[in-house]
């Protein structure tokens, strides 16, 4: 999430042609553009739209697979996969 906040502000700084060496706060950049941080809100809205779409699909078990976040087979090494339920916006 922090990386997305940084990306959002990076895009705004590119629009205004603000250098990283300039000491400008994120709030001053948002005020100058008269906007808010929208990238995270857009991602949350699209995730919720997808969950609604998958819930309405009665022919397949797509929602079960998506919510559990795992498939049949052997356990993989490394970090466990993130499921949609643990990654859902609040």
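The values are calculated or read from the model by the stated rules, or taken from the named source; none is laboratory data. Worth saying up front: this structure is predicted, and the values here are computed from it rather than measured. Note that we place each Cβ from the backbone using ideal geometry, even for glycine, and neighbour counts take in every protein chain shown.
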Exercise. Which of the residues belonging to segment 29-43 are in a loop (DSSP other than H, G, I, E, B) and at negative phi?
Worked result: 35, 36, 37, 38
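Listed here are the residues, each with its yes/no results for (1) at positive phi; (2) surrounded by 13 or more Cβ atoms within 10 Å (Cβ to Cβ); (3) at pLDDT below 70.
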{"residue": "8", "(1), (2), (3)": "no, yes, no"}
{"residue": "12", "(1), (2), (3)": "no, yes, no"}
{"residue": "45", "(1), (2), (3)": "no, no, no"}
{"residue": "87", "(1), (2), (3)": "no, no, yes"}
